[in-house]
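Read through the structure below, which is laid out as structure tokens, and then see the notes.
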Protein chains: 2
Amino acid sequence: MYESITERLKKNNYRLTDQRMAVLQVMLENKGHHLSAEEVLVEARGKAPNIGIATVYRTLEKLAGISILHKTMFEAGKYRYELSDNHTHQHHHFICLNCGKITEIEEDLLYSLEQHIENQGYQIVNHELKLYGYCPDCQTLK
Amino acid sequence: MYESITERLKKNNYRLTDQRMAVLQVMLENKGHHLSAEEVLVEARGKAPNIGIATVYRTLEKLAGISILHKTMFEAGKYRYELSDNHTHQHHHFICLNCGKITEIEEDLLYSLEQHIENQGYQIVNHELKLYGYCPDCQTLK
DNA sequence: CTATCTGCAAATTCTTTGCAGGACT
DNA sequence: AGTCCTGCAAAGAATTTGCAGATAG
């Protein structure tokens, strides 16, 4: 897994610098979590102390460009990045309006909906579904 | 329709200033379109010449706050606003990767998916689905 | 009259870019 | 060696905020 990622970097002529490895490690250690650039910076400094925010942004952008990461905006005006899971279709996200926790929803279940829309002449190559509500832990607090 | 909107503004103690009326008219004239704050500013200046961008933002924010408008981010780092249609659930959007046109998809079709997730203890109050691909007009250009 | 609203400009926040030096390969 | 990469600081872009004067109710 770790091997295949560095392979993919090499294939795209991306040099394996300490800073890039640090960012990659941070993302691997946070599999399933959605980190902002600033959060990645703080953790990456533990591995590459002098790394700057510009390099973090440049690295995240490159990794997202070759689908190693996935970039989404959950809250206003700020991107978050997560390790991509290589599935054909991107999974969905449930965002709790009370505690803010983001849960991944693995089931796709959009097939029939997309079929319906493609029958109208559209070709769908990707989708992004966000569900907002209250997670099981926050049901009682409402 | 127009009546009921001003009623709702009054109910929320929002003064009916020329600037607010101008923004509201622009949004009503662009029903079904998704405008950026800057685009609203340009059109609103035709009705209230001295209106500033800050007032446009403040007004759009207020109107979205009482669900008269709906605010979504389609492209990176920039919100777009559209007149809300008062349906229970928000409609979906198809974004063409070639021409950038945004098409509304009225069918909901998420019912069974949401049912499935609510069975796992979540309560869903809203959703946002964006489909990316190529619209009928752009099929040949691919 | 008085609380709310407005326009302006400055401030914020997130992200990108130019540049000169540094480091993979 | 040569290209790619980095950190810094400055620039950009979208949005928000402070303030003094203006205006709706």
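Quick note: the coordinates plus some simple rules give every number you see, no bench work behind them. From a predicted model like this one, the values you see are computed outputs, not experimental measurements. Every residue, glycine among them, receives a Cβ derived from its backbone with ideal geometry; neighbour counts consider all protein chains shown.
The Rg/Rh ratio of region A:92-141, with Rg taken over Cα atoms and Rh as the Kirkwood radius over Cα pairs, comes to 1.14. Across region A:104-121, coupling constants 3J(HN,Hα) worked out from phi with the 6.51/-1.76/1.60 Karplus curve, θ = phi - 60°, read 7, 10, 6, 4, 7, 6, 9, 3, 5, 5, 5, 4, 4, 6, 5, 5, 9, x Hz, and Gly and Pro carry x.
Each residue of region A:5-83 gets 80 Å³ once the volume of the Cα convex hull is shared out per residue. Straight-line reach only, C-alpha to C-alpha below 18 angstrom: list the aspartates and glutamates that B:K11 could link to, leaving out same-chain residues fewer than 8 apart. List returned: B:E3, B:E61. In order along region B:26-31, the Karplus-derived 3J(HN,Hα) couplings, from 6.51 cos²θ - 1.76 cosθ + 1.60 at θ = phi - 60°, round to 4, 5, 5, 6, 10, 3 Hz, and Gly and Pro are given as x. When the alpha-carbon atoms of the protein assembly as shown are used, the pair Rg, Dmax equals 21.6, 64 angstrom. Site pair A:V125 and B:M73 shows an inter-label distance of 2.2 nm when each label is modelled 7 Å from Cα along Cα→Cβ. Only Lys, Arg, Asp and Glu carry charge here, each on its Cβ (+1 for the first two, -1 for the last two); on that basis chain B has a dipole of about 660 debye about its Cα centre. Taking a Cβ cut-off of under 12 Å around A:Q120, the surrounding Lys, Arg, Asp and Glu residues balance to a net charge of -4, with basic ones at +1 and acidic ones at -1. Most simply put, region A:37-142 has about 70% antiparallel DSSP beta bridges, counting only bridges with both residues inside it.
Take each residue in A:114-126, count the other chain C-beta atoms within 10 Å of its C-beta, and the mean is 5. For A:R8, inter-copy separations between label points set 7 Å beyond Cα along the Cβ vector come to 4.4 nm, shortest first. In summary, the aspartates and glutamates within cross-link reach of A:K47, defined as a Cα separation below 18 angstrom excluding same-chain residues under 8 places away, comprise A:D18, A:E29, A:E38, A:E39. With viscosity 0.692 mPa s and temperature 37 °C, the Kirkwood radius over alpha carbon pairs of chain A converts through Stokes-Einstein to a diffusion coefficient of 194 µm²/s.
Using a 7 Å projection from Cα along Cα-to-Cβ, the label point at B:R45 is separated from the same position in the remaining copies by 4.3 nm, smallest value first. Of B:N119, B:N12, B:N98, the residue with the greatest mean-square motion in the GNM of chain B, using alpha carbon springs below 10 Å, is B:N119.
A simple spin-label model places the labels of A:R45 and A:E7 3.6 nm from each other, with each point 7 Å out along Cα-to-Cβ. Take the Cα of A:K31, step 7 Å toward its Cβ, do the same at B:H116, and the gap between the two points is 2.3 nm.
Based on DSSP H runs of at least 4 residues, each adding -39500 (n - 2.57), what is the mean residue ellipticity at 222 nm of the protein assembly as shown after dividing by all its residues, to the nearest 500 deg cm²/dmol?
Working: 10 runs with 102 residues, N = 284.
Rounded to the nearest 500, it is -10500 deg cm²/dmol.
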